[in-house]
Amino acid sequence: MKIMFSAGEASGDMHGANLARALKALDPDIELLGMGGSQMAQAGVRIVYDINNLGFIGVGEILRKIPFFFRLRTQLLQVMQEEKPDVLVCIDYPGFNMRLIEKARAAGIRVVYYILPTIWAWHKSRGKVIAEHTDLAISLFPFEAKLYEELGARVAYAGHPLLDVVHPELTKDEALQAFGLDAAKQTILLMPGSRLQEVRGLLPVMLAAVKEIMAQRDGVQFLIPRASTIDASVLQELIPADLENVHVASGHVYDMMNISTAAVAASGTATLETALMGLPTLLIYRVSSLTYWLSKILVHIQSIGLPNIIMGHRIMPELWQDEVTPEAIAADMVTLLTDKQAWQERHEAMLSVRKEMGEPGAVRRTAEIILQFAKENHSA
């Protein structure tokens, strides 16, 4: 059997890699290929397009790259025609994958969508497209499964895969040594995102906040996890040489969270990961003016952070657009560094997210569902 993937971001690469390993464990002879990154490659996926070449964010930015995405879609469709996979598994990345599934279905390829578009935030028309052009939608949340079922999609609920993978692998002492950190200092984790444009837009304001924090508080160090989609030279270019207490590391991101006192994170999967680790976090979101204007028209929710959406109210503070300033970031971080009660309250709020999300085992359940679906198609 042969399964093809389409993942377009670092989080999709991570989910694709975990899913690939689970599929290989269930069927060592299965052939895996598709669009992805280094993590999927390490998990045994033959990469036909490397997502390190993707660095776009937001509606406005993607609009300017439409010709590129047309060419990429054509390239992946050609691979499908040549390889004839039993199923195409699209992982998140709806701006691209929702158009890919239409063409794939028209070409006779069966489609599974994993990490579904957030139709509770964006217009439900996305859900209608999924229902029409997807053979199976795999949902992460019970409320999400119900929404898609109401729109006519065939849905399987498997739970959230992060429950399987979000945990430290090192002791705190081992992690501090691995990242070159001082055990006597408090650590703030800076997570500017996994897309190049996102990092270039958010990291400078984070580093300006570092200087604000240093002016108010001694004994603080900062740690930046480098996403697999970001070249080390980009961070070297953006981080001033005089910020000697800012450290960059790769891998073991959950160990980084485990030794940190607080985090500043770009909106996205990272905020759910820090919540599952119980790490008090400030969410920041800033894009181009065009993208923000369009989002104000299209998005109909009060919070954009997944932890806040899951809990139904804002447990993780959010700074949007012009609110994202060094002063605002520093003020929140200094409070968490100095006020034990404030830290404890946010810590407990973060931990409540894990309780809300159900039982682990989602990755294996998802792999079993996809494998059974692929077998049905293979024998048909």
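The values are calculated or read from the model by the stated rules, or taken from the named source; none is laboratory data. All values reported here derive from a predicted model rather than from experimental measurement. We place every Cβ from the backbone using ideal geometry, glycine too, and count neighbours over all the protein chains shown. To get the accessible areas, we keep the full protein, side chains included, count just its heavy atoms, and leave off ligands, DNA and RNA. Shrake-Rupley method; radii C 1.70, N 1.55, O 1.52, S 1.80 Å.
For segment 278-301, state whether one or more residues are at pLDDT 90 or above, more than 21 Å from the chain's Cα centre (by Cα), surrounded by 18 or more Cβ atoms within 10 Å (Cβ to Cβ) and of a type in the set (A, V, I, L, M, F, W, C).
The answer is no, given that none of the residues of segment 278-301 is at pLDDT 90 or above, more than 21 Å from the chain's Cα centre (by Cα), surrounded by 18 or more Cβ atoms within 10 Å (Cβ to Cβ) and of a type in the set (A, V, I, L, M, F, W, C).
Condition first: surrounded by 15 or more Cβ atoms within 10 Å (Cβ to Cβ), free of Cβ contacts under 8 Å to residues at least 60 places away in the same chain and assigned to a strand (DSSP E or B). Can you find one or more residues in segment 238-248 that meet it?
yes
Trp343: modelled with pLDDT of 95 or more, open to solvent by 40 Å² or more (accessible area, probe 1.4 Å) and in contact with a strand residue (DSSP E or B) (Cβ under 8 Å, 6 or more places away or on another chain), yes or no?
yes
If you go through segment 186-204 one residue at a time, how many are open to solvent by 10 Å² or more (accessible area, probe 1.4 Å) and in contact (Cβ under 8 Å) with a residue 60 or more places away in the chain?
So the count comes out to 9.
Condition check: at pLDDT below 95 and surrounded by 17 or more Cβ atoms within 10 Å (Cβ to Cβ). Does Met311 satisfy that?
Considered against the rule, which asks whether it is at pLDDT below 95 and surrounded by 17 or more Cβ atoms within 10 Å (Cβ to Cβ), Met311 comes out as yes.
Name the pairs: first residue in segment 16-28 and free of Cβ contacts under 8 Å to residues at least 60 places away in the same chain, second residue surrounded by fewer than 24 Cβ atoms within 10 Å (Cβ to Cβ) and assigned to a helix (DSSP H, G or I), Cβ to Cβ under 7 Å, at least 6 apart or on different chains?
Sorted first by the residue in segment 16-28, then by its partner, the pairs are Ala17/Gln39; Ala17/Gln42.
So, in segment 102-132, how many residues would count as being in a loop (DSSP other than H, G, I, E, B) and either within 19 Å of Gln81 (Cα to Cα) or of a type outside the set (A, V, I, L, M) (or both)?
Result for segment 102-132: 10.
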